[in-house]
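Shown next, in structure tokens, is the structure this report addresses.
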Amino acid sequence: MGKIVVVGSSNTDMVVKTPRFPEPGETILGGDFFMFPGGKGANQAVAAARVGGEVSFICSLGDDIFGKNSLDGYTKEKINTSSVLVTANTPSGVALITVNASGENEIVVASGANALLSEEHLESASGMLNQATMVLTQLETPMATVEFLAQRCRETGIPLIINPAPAQKLTDETLKGLYLITPNETETRILTGIDPSEEGGAEKASAYLLEKGVQNVIITLGKRGAYFHNAEKQFLSKPPVVMAVDTTAAGDVFNGVLTVCLSQNKSWEESIAFANKAAALSVTRMGAQASAPYLDEIN
């Protein structure tokens, strides 16, 4: 069993269900309101832990009730929180989410303490990082921290997976030698300038990223599945067909579960198929971390 270190964000998600998204300047009446633990880093850490991963989480929390509740939740999930940074007089991150009748979502994030996750804090957690079989991160923390992590993993030879969400550009230096990148369609367009939804687009976009020095590329295509490409092979892995209720954390569940499978030396085909099943199951439930399935639910 490999040791997984997730470096990333922790938020509290405030969710309102609504028949449709409002137009600019429009107020509409929503339906049910929910409050869930979230944040891409935390979601991925919980998803990995629930399928049996040995997970450590490096994140930054405020000293408020949201931070305390988050920390308690990670402990209950049996996640190692010894390198979680708690900063006084700082709010924890929050996300405001609307979910429409089709299960699609729109999200606005207030980073709060997530913006304080620094290179210095990663240095202080170097012992944990050095013992990692695989490291997983996202882009809800400062880009300087992500770039430092990429450089450090490249120098130490530890495989790093970057889920480039929320969508933004990455430097060539960050991409060089990267073990795996997992953009969705929007993120792929921003990273490469190529639309993966067009005929042959996923192949062209993934080839672009491989030319930049990325070793392996997975482009997630929603209901169409996940497209894999490296120097040896390329294939499309299709997910089960389900009725979506809330797609909020589907990508996070995919990434967390995928990382566990890869840390167990499973094949690309098996790892992606299993992660697809987990993500498909998650969209049939409300919430972010709350929707992440357990191992016995996927098998």
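The values are calculated or read from the model by the stated rules, or taken from the named source; none is laboratory data. This is a predicted model, so every value here is computed, not measured. With ideal geometry, Cβ positions are generated from the backbone for all residues, glycine too; neighbour counts draw on all protein chains shown.
Assorted remarks:
- Residues of the stretch 191-213 that turn out to be β-branched (Val, Ile, Thr) and assigned to a helix (DSSP H, G or I), as a count: 1
- Among residues of the stretch 6-27 that are in contact (Cβ under 8 Å) with a residue 40 or more places away in the chain, those with a beta-carbon under 6 Å from a residue that is surrounded by 15 or more Cβ atoms within 10 Å (Cβ to Cβ) and among the basic types (Lys, Arg) at least six positions away or on a different chain give the pairs Gly8/Lys40; Ser9/Lys40.
- Answer residue from the stretch 187-220, given it is at positive phi and at pLDDT 95 or above and is surrounded by the most Cβ atoms within 10 Å (Cβ to Cβ) among those: Gly213
- Lone qualifier among Asp13, Asp63, Asp32 - being in contact with a strand residue (DSSP E or B) (Cβ under 6 Å, 6 or more places away or on another chain) and surrounded by fewer than 14 Cβ atoms within 10 Å (Cβ to Cβ): Asp32
- Residue that is of a type outside the set (Phe, Trp, Tyr) and over 20 Å from the mean Cα position of the chain (by Cα), where the choices are Glu198, Glu185: Glu198
- Considering the stretch 1-35, the residues that are more than 21 Å from Asp72 (Cα to Cα) and among the small types (Gly, Ala, Ser) include one that is modelled with the highest pLDDT, namely Gly25.
- Complete set of residues in the stretch 30-45 that are in a loop (DSSP other than H, G, I, E, B) and closer than 19 Å to Gly103 by Cβ: Gly30, Gly31, Asp32
- From the options Asn184, Asn163, Asn105, residue that is in contact with an Asp or Glu (Cβ under 9 Å, 6 or more places away or on another chain), at pLDDT 95 or above and under 30 Å from Thr284 (Cα atoms): Asn163
- Only one of Lys3, Lys17 that is among the basic types (Lys, Arg) and closer than 27 Å to Phe274 by Cα: Lys3
- Scoring Asn255 on the criteria (1) surrounded by fewer than 24 Cβ atoms within 10 Å (Cβ to Cβ); (2) in contact with a helix residue (DSSP H, G or I) (Cβ under 7 Å, 6 or more places away or on another chain); (3) at pLDDT 95 or above leaves a single failure, condition (1).
- Residue match in the stretch 225-233 (condition: of a type outside the set (Lys, Arg) and on the phi > 0 side of the Ramachandran plot): yes
- Condition met for Thr188 (within 16 Å of Tyr227 (Cα to Cα) and either assigned to a helix (DSSP H, G or I) or not charged (D, E, K, R) (or both)): yes
- Filtered residue count, the stretch 159-180, keeping only those that are surrounded by fewer than 15 Cβ atoms within 10 Å (Cβ to Cβ) and either among the hydroxyl-bearing types (Ser, Thr, Tyr) or in contact with a Leu (Cβ under 8 Å, 6 or more places away or on another chain) (or both): 4
- Single residue of the stretch 221-251 satisfying the filter (touching a residue at least 40 places away in the same chain (Cβ under 8 Å) and not aliphatic (A, V, I, L, M)) that is surrounded by the fewest Cβ atoms within 10 Å (Cβ to Cβ): Pro240
- Qualifying positions in the stretch 71-114 - over 17 Å from the mean Cα position of the chain (by Cα) and either among the aromatic types (Phe, Trp, Tyr) or part of a helix (DSSP H, G or I) (or both): Leu71, Asp72, Gly73, Thr75, Lys76, Gly112, Ala113
- Taking the listed residues Ala275, Ala290, Ala279, Ala207, the one that is over 28 Å from Ser102 (Cα atoms), touching a residue at least 12 places away in the same chain (Cβ under 8 Å), out of contact with any Ser or Thr (no Cβ under 7 Å at 6 or more places or on another chain) and aliphatic (A, V, I, L, M) is Ala207, with no other qualifying.
- Of all residues in the stretch 139-151, those satisfying the criterion of being in contact with a helix residue (DSSP H, G or I) (Cβ under 7 Å, 6 or more places away or on another chain) and either of a type in the set (Ser, Thr, Tyr) or within 13 Å of Tyr179 (Cα to Cα) (or both) are Thr141, Thr145, Leu149, Ala150.
- Hits in the stretch 123-143 (condition: more than 18 Å from the chain's Cα centre (by Cα) and either surrounded by fewer than 15 Cβ atoms within 10 Å (Cβ to Cβ) or among the acidic types (Asp, Glu) (or both)): Glu123, Ser124, Ser126, Gly127, Asn130, Gln131
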